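Please read the structure below before turning to the comments.
The values are calculated or read from the model by the stated rules, or taken from the named source; none is laboratory data. Treat the numbers as computed from the prediction; the structure is a model and nothing was measured. So basically every Cβ, Gly included, is an ideal-geometry build from the backbone, and we count neighbours across all protein chains shown. Protein only, heavy atoms only, side chains kept; ligands, DNA and RNA dropped before computing areas. Shrake-Rupley method; radii C 1.70, N 1.55, O 1.52, S 1.80 Å.
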Amino acid sequence: LDLASRGDNSLDELVIRGDIEDDAESFFRAFLTWEVQGRQLGLKRLAVHAVAPDSLCKPKPELENVVCAAWRSIAKTLLAPAGFIIFSFSHRRQLQLAFPQLAWLEPQYFSLDL
């Protein structure tokens with residue numbers, strides 16, 4: 001995912017599918033350049049399908065806090081006004097992670113596709 005090379009912010013929707021353990025760091029780094037530059041990506045909808053390995057382990061609370069903070073930062077600084085992030089998952093047990101709970105805590109930014 002190379003968002004930094006896009007000279008415009010004409011995307012309305014972006015759909016991403018990735019492994020939540022292996023791809024998380026590169027995913028968040030893709031948005032970092034936009035945020036550091038103070039640019040708004042202008043997405044109206046960011047759909048994220050999180051794929052988990054069969055042996056999904058609950059991360060440490062510190063890591064879950066970082067992931068939730070990254071999602072909140074993306075929602076508040078890079079989306080278009082009234083834009084939102086919708087999460088879907090490959091396994092229902094992923095709903096036990098912290099970041100899906102953002103849909104209940106901040107429904108103006110997050111939603112779940114169950």
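Restricting region 98-107 to residues that are surrounded by 13 or more Cβ atoms within 10 Å (Cβ to Cβ) and hydrophobic (A, V, I, L, M, F, W, C) leaves a set whose member that is farthest from Ala24 (Cα to Cα) is Ala103.
Residues of region 77-105 being part of a helix (DSSP H, G or I) and either aliphatic (A, V, I, L, M) or modelled with pLDDT under 90 (or both), which ones? Matches in region 77-105: Thr77, Arg92, Arg93, Gln94, Leu95, Gln96, Leu102, Ala103, Leu105. Residue-level check: of (1) modelled with pLDDT of 85 or more; (2) out of contact with any strand residue (DSSP E or B) (no Cβ under 9 Å at 6 or more places or on another chain); (3) farther than 22 Å from Gln108 by Cβ, Gln37 misses just (1). Got at least one residue in region 3-25 being among the β-branched types (Val, Ile, Thr), in contact with a His (Cβ under 8 Å, 6 or more places away or on another chain), at pLDDT 85 or above and in a strand (DSSP E or B)? Yes, the conditions are met somewhere in region 3-25. Selection of region 62-89 for residues being among the small types (Gly, Ala, Ser) and within 19 Å of Leu14 (Cβ to Cβ) yields Ala70, Ser73, Ala75, Ala80, Ala82, Gly83, Ser88. Out of all the residues in region 80-97, is one or more farther than 20 Å from Asp23 by Cβ, touching a residue at least 24 places away in the same chain (Cβ under 8 Å) and surrounded by 18 or more Cβ atoms within 10 Å (Cβ to Cβ)? Yes: one or more hits. Every test in (1) within 12 Å of the chain's Cα centre (by Cα); (2) more than 19 Å from Leu112 (Cα to Cα); (3) surrounded by fewer than 14 Cβ atoms within 10 Å (Cβ to Cβ) is passed by Lys58 save one, and that test is (1). On the given criteria, is Trp71 in a helix (DSSP H, G or I), open to solvent by 90 Å² or more (accessible area, probe 1.4 Å) and in contact with a strand residue (DSSP E or B) (Cβ under 9 Å, 6 or more places away or on another chain)? The answer is no for Trp71.
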